[in-house]
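None of the figures in this text is laboratory data; all of them are computed from the coordinates on show. If you're wondering where the values come from, they're calculated on a predicted model, not measured in any experiment. In this analysis, Cβ positions are derived from the backbone assuming ideal geometry, glycine residues included, and neighbour counts consider all displayed protein chains.
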Amino acid sequence: MNTEKMQNEMCFGQRYDEELGILEPWYTNPAMDRIKQMDLSDKVVVEWGGGASTIWWRSKSKLVFTIDHNLEWCNWIEEQLMLKNLIGLDGNGNQNIVGEVKYVNTHEGDNSENRDKYVQHVFGLTPDICIVDGIHRYECAEYAVKVLKPEILIIDNHQQDYVFMCPSLDILLEGVKMERFIQPNHTDHSGNPWATAIFYLNEKNN
């Protein structure tokens, strides 16, 4: 990939994975440094909110299930997966199960059944990693902890010093081991840092 094209595709703070030849997920750089230390080859991943992250996770892990509320974005993801030969075709041209990209028509503040379809789309699956990086973040994080029960929960745009200003989720995550990675030299208009948090749900704080 040439330098100019790479720079045009990247968002602030996003990096290019030289080994894979694709963009890294748009989490904080220190969080990505930590994630790239993990052995992801046999991991099943669920992510609410897809994009370049879907391509990266599909390149690194066993299965990836992505839910997003933007139809155009879902179509772009599927096109990129096909262009990069990440759709899982076998020798006969049949598609293997390597994951799913699912569009659900909902929006922030939606209290209809579509919100529940977005949050609860993945059912009967035991993922190793859940990533909350889309809309309905409180609901998705709570569903991941209570129902899906992954080993690792990743939440981007993690603003609070602890977890969320969401009492029910705070209670669920109380005492759970967490690493919070702040992006250097970046805050929003209110002065809050951009952070990505990684929760290890089977481990407790020392």
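Worth a mention:
- Hits among lysines - C-alpha to C-alpha of Lys177 under 19 Å, sequence gap 8 or more where chains match: Lys36, Lys146, Lys149, Lys204
- Potential lengthening between Asn185 and Lys36 on full extension [0.36 nm per residue; Cα-Cα distance subtracted]: 51.4 nm
- In order along the stretch 14-23, the phi-based Karplus estimate (6.51 cos²θ - 1.76 cosθ + 1.60, θ = phi - 60°) of 3J(HN,Hα) comes to 7, 10, 9, 7, 5, 5, 8, x, 9, 5 Hz; Gly and Pro are listed as x.
- The slack between Asp116 and Asn192, meaning 0.36 nm per residue of separation minus the straight C-alpha distance, is 24.4 nm.
- Antiparallel content of DSSP bridges confined to the stretch 42-204, in %, to 5: 45
- Centroid-to-centroid, using Cα positions, the stretch 189-206 and the stretch 39-56 are 19 Å apart.
- Inter-probe distance in nm under a simple model that places probes 7 Å from Cα toward Cβ, at Asn105 and Glu19: 4.2
- Neighbour net charge for Lys149 - beta-carbon separation under 14 angstrom, K R +1, D E -1: -3
- Between Glu79 and Val147, the contour length at 0.36 nm per residue exceeds the alpha carbon distance by 21.4 nm.
- Fewest-first ranking of Phe65, Phe123, Phe199, using other Cβ atoms within 10 Å as the exposure measure: Phe123, Phe65, Phe199
- Dipole moment magnitude, nearest 20 debye, the stretch 42-204 about Cα centre, only Lys, Arg, Asp, Glu C-beta charged: 400
- Pairwise label distance in nanometres, Asn29 with Asn202, each label 7 Å out on the Cα-Cβ vector: 3.3
- Rounded to the nearest 0.05, the FRET efficiency derived from the C-beta distance between Ser168 and Phe123 at R0 = 25 Å is 0.80.
- Length-normalised contact order for the stretch 20-160 - Cα pairs under 8 Å, 6+ apart - percent: 24
- Note on Val122, Val64: ascending count of other Cβ atoms within 10 Å places them as Val122, Val64, the fewest first.
- Three-way shape label, the stretch 42-204, alpha-carbon gyration tensor, a/c 1.5: prolate
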